[in-house]
Amino acid sequence: MSDIRLVNLTKSYGEGNAVSDVDLAIEEGEFFSLLGPSGCGKSTTLRMIAGFVRPTSGRILIGGDDITALPPERRDIGIVFQNYAIFPHMNVAENIAFGLKLRKLPKAEIARRIEDSLRQVGLSGYETRYQRQLSGGEQQRVALARVLVTEPRILLLDEPLSALDKGLREEMKFWIKDLQKKLKITTIYVTHDQDEALTMSDRIGVMAKSRIVQVGTPQEIYERPKTLFVTSFIGHSNVVDVAVRRVADGMAVVALGGSELASRAGAGLAEGAAAKLVVRPENILIGTALREGDARLPATVVSETYQGAIVRYRLAVGDQEIVAERQNQAHVERFAPGTAVTIGWAPDWSETLLA
Amino acid sequence: MRRRGVSISEAFGGFRLWWLVLPAFLFFLAFFVVPVLSLLAISFNKTVPGVVTLTDAFTLDNFVRIFTRPLYYEAILRSIGLGVVVAAVALVLGYPLAFLIAKTEHPGRNTALMILVLASMQLDMVIRMYGLMVLMGDTGLINSALIGLHLIDEPLPLMYNAFGVVVGLVQVTLPFMVLSLVGIIRAIHPSLEEAARSLGASRGEAFRRVVLPLSMPGILAGSLLVFALSISSYVVPALMGGWKVVVLPIHIYQQIAEAGRWQFGAAVAAILFLTSLVAVFVYHRAAVLTSGGRT
Ligand SMILES: Nc1ncnc2c1ncn2[C@@H]1O[C@H](COP(=O)(O)OP(=O)(O)OP(=O)(O)O)[C@@H](O)[C@H]1O
Ligand SMILES: [Mg+2]
């Protein structure tokens, strides 16, 4: 049985929907990310789960129990806010003790748990500091400690890294992931940063315009985007116009720049439909790098940009342009602008989607 | 997050901007500090009716008289008690109103509520007190309505007593309380209350443990302001109390304006001033204590 079930969850403000028909099942111990651009409804979804926003319709189940009508304090859900929400009138120890005192634990037990949790987040000795004496990263650790010390059933994180600078963000990414793994706590992580979602998650739900558009493992989301939106939101992809010739067995044959190419066929694709071929720059092979069975077509090198670890080519294909990235390794051929080349890719690493 | 201190001279862009403050400073000095100090100074002169000249004959006679005659020291206690009661009532009435205004996000509704609060400050205090008298007098609206409905036979004593004075003072000071609170309550980030809730606090517990302590600076500042305004008010006790609720400003007025006893009146004023100073000191101590060590 899944730990969290969202059933047709919807929230509307006035005429527009902030969240529409979100249907999700999240497994016990899973690290699930909600990924999407600003305003797509990630926070609203999270706040409905936490109990701060009343859904317009739909249900929320935790471990099979319907909690849709429960107030936040009775949901056993911990949440870390983007601004950390450390109580400024309490020191670190008092902040962490907050939930424990409400649970009426004995004093000695509270003291022991504060000590343990501060050790766990690497902040031993910070007991008497106040919020204004803590850096952003330290505040975040306190916020996590304050939540985890109450041993909630579910952990919700709303863009917890967005207020940190880049170096610290990288470090905290792995730290949070490790902690989550160790505690095996079911976690929903809200972010608009694809790197965070890809590196931390067991599964990702991509949201766009109040809806979940695709759910999958990081690999599925990255390699098998189901819609053009997901394609464009995750990483950089070439998206070129093609004409669909044939569709069979999940594969499509499309025409591009006078050549016919095979690729995976997206949902609803049919002969003659206007479509876009999607292929990532790192999957495009040039010249002798091509293998037997690869889709091939002629192209002309427009420019070559040296970027250290990679070399980037802009390639003209008919009247469209394709970008290719090649690892800058020993024995890798380089191509000067103006060179006529054959480019291609493994059909399975490209996909044709309805435009 | 650590905030780096900015010195005043930095904030003022060097010394040049000090010149802009100079006119205000001179005005304050000439029309506030000098008159108040001279009044305090003559309180140490022997009381001679009709004479206002400052001499170097120092005496504590006026103060001894204040603290040995019940008429006067009871007025001190009455003033303090009145100030405390008015501050408490204004707080109890003002906090929910300020909370509502602070939490109203709709800009139109927010402005409407603010105008409602500010509008009550627009009319002159004397006019507002006459309005209250029309409402609360023995033949006023309340009493005639109640008698008309045969609910009472004799008019209720709503005015010319402490009750009337408290009502008048609360009416005058409530906007100050609300304005002191609104900004502070609005600055309490909603996620603090939500964090408390998800950690297991009910709505009431979250209010008591998080919102209320964080409102404390506004509660203290508003109470201090209301207290100071109440104990120094002359018009309200005079009109609503009909000189029957004798507080310090009434003594000051009677001594100086009616009896020409400037020196003794000045001594009563000094006591009033001192009471306000003590209140400021109490406020400061309370602010340090309730801020949880934040200074
Ligand atoms: N209280 C509210 N009243 C009206 N509209 C709201 C309210 N809260 C959110 N919305 C709207 O709902 C939509 C989704 O908001 P939400 O905060 O969930 O987005 P988000 O995905 O978290 O975005 P971000 O990445 O910017 O935080 C937005 O268009 C927002 O304007
Ligand atoms: Mg958000």
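The values are calculated or read from the model by the stated rules, or taken from the named source; none is laboratory data. Only a predicted model underlies this, so the values are computations on that prediction, with no experimental measurement involved. No Cβ is skipped: glycine too gets one built from the backbone with ideal geometry, and neighbour counts run over all protein chains shown. Note: accessible area is taken over every heavy atom of the protein model, side chains too, but ligands, DNA and RNA are not part of it. Shrake-Rupley method; radii C 1.70, N 1.55, O 1.52, S 1.80 Å.
Annotations for the structure displayed:
- Of the residues making up the stretch B:255-265, one or more are surrounded by fewer than 21 Cβ atoms within 10 Å (Cβ to Cβ), more than 23 Å from B:Phe58 (Cα to Cα) and at pLDDT below 95.
- Identity of the residue in the stretch B:189-220, more than 7 Å from chain A (Cβ to nearest Cβ) and among the basic types (Lys, Arg), that ends up surrounded by the most Cβ atoms within 10 Å (Cβ to Cβ): B:Arg209
- A search for C-beta distances below 8 Å between a residue of the stretch A:89-114 that is aromatic (Phe, Trp, Tyr) and any residue that is assigned to a loop (DSSP other than H, G, I, E, B), counting only pairs 6+ apart in sequence or on different chains, returns A:Phe98/A:Phe87; A:Phe98/A:Met90; A:Phe98/B:Leu199; A:Phe98/B:Ala201.
- Selected residue (only one of B:Leu123, B:Leu71, B:Leu60, B:Leu116 is aliphatic (A, V, I, L, M) and over 26 Å from B:Tyr253 (Cβ atoms)): B:Leu116
- The helices (runs of 4 or more DSSP H) located wholly in the stretch B:209-295 that include 1 or more residues which are among the hydroxyl-bearing types (Ser, Thr, Tyr) occupy B:212-231, B:248-253, B:262-290.
- Scanning the stretch A:125-166 for residues that are more than 16 Å from ligand 2 (Cβ to nearest atom), open to solvent by 50 Å² or more (accessible area, probe 1.4 Å) and more than 22 Å from A:Glu94 (Cβ to Cβ) yields A:Arg153, A:Asp165, A:Lys166.
Here is a yes/no grid of residues against (1) more than 27 Å from A:Gln214 (Cβ to Cβ); (2) loosely packed, with under 15 Cβ neighbours inside 10 Å; (3) of a type in the set (Val, Ile, Thr):
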{"position": "A:Asp249", "(1), (2), (3)": "no, yes, no"}
{"position": "A:Val253", "(1), (2), (3)": "no, no, yes"}
{"position": "A:Gly287", "(1), (2), (3)": "yes, yes, no"}
{"position": "A:Ala295", "(1), (2), (3)": "no, no, no"}
{"position": "A:Ala309", "(1), (2), (3)": "yes, yes, no"}
{"position": "A:Tyr313", "(1), (2), (3)": "yes, no, no"}
{"position": "A:Gln320", "(1), (2), (3)": "no, no, no"}
{"position": "A:His331", "(1), (2), (3)": "yes, yes, no"}
{"position": "A:Thr352", "(1), (2), (3)": "no, no, yes"}
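- Qualifying positions in the stretch A:24-66 - within 13 Å of ligand 2 (Cβ to nearest atom), within 14 Å of chain B (Cβ to nearest Cβ) and small (Gly, Ala, Ser): A:Ser43, A:Ala50
- Within the stretch A:14-46, being at positive phi and surrounded by fewer than 15 Cβ atoms within 10 Å (Cβ to Cβ) holds for A:Gly14, A:Gly29, A:Gly39.
- Of all residues in the stretch B:229-245, at least one satisfies being in contact with a Lys or Arg (Cβ under 8 Å, 6 or more places away or on another chain) and surrounded by 20 or more Cβ atoms within 10 Å (Cβ to Cβ).
- Top-ranked residue in the stretch B:64-99 [being within 30 Å of B:Ser215 (Cβ to Cβ) and not aliphatic (A, V, I, L, M); ranked as most open to solvent (accessible area, probe 1.4 Å)]: B:Arg78
- Residue identified as within 16 Å of ligand 1 (Cβ to nearest atom), assigned by TED's automatic domain parsing to the domain that holds A:Arg211 and over 19 Å from A:Ala197 (Cα atoms) among A:Ala18, A:Ala69: A:Ala18
- Single residue of B:Leu113, B:Leu158 found to be among the aliphatic types (A, V, I, L, M), open to solvent by less than 30 Å² (accessible area, probe 1.4 Å) and free of Cβ contacts under 8 Å to residues at least 60 places away in the same chain: B:Leu158
- Going through (1) more than 14 Å from every other protein chain (Cβ to nearest Cβ); (2) more than 19 Å from the chain's Cα centre (by Cα); (3) free of Cβ contacts under 8 Å to residues at least 24 places away in the same chain one by one, B:Ala266 falls short only on (3).
- Which listed residue, of A:Lys209, A:Lys181, is more than 14 Å from chain B (Cβ to nearest Cβ), open to solvent by 60 Å² or more (accessible area, probe 1.4 Å) and within 16 Å of ligand 2 (Cβ to nearest atom): A:Lys209
- Once the stretch A:1-13 is narrowed to residues that are under 17 Å from A:Arg59 (Cα atoms) and near ligand 1 (Cβ under 10 Å from one of its atoms), the residue that is surrounded by the most Cβ atoms within 10 Å (Cβ to Cβ) is A:Lys11.
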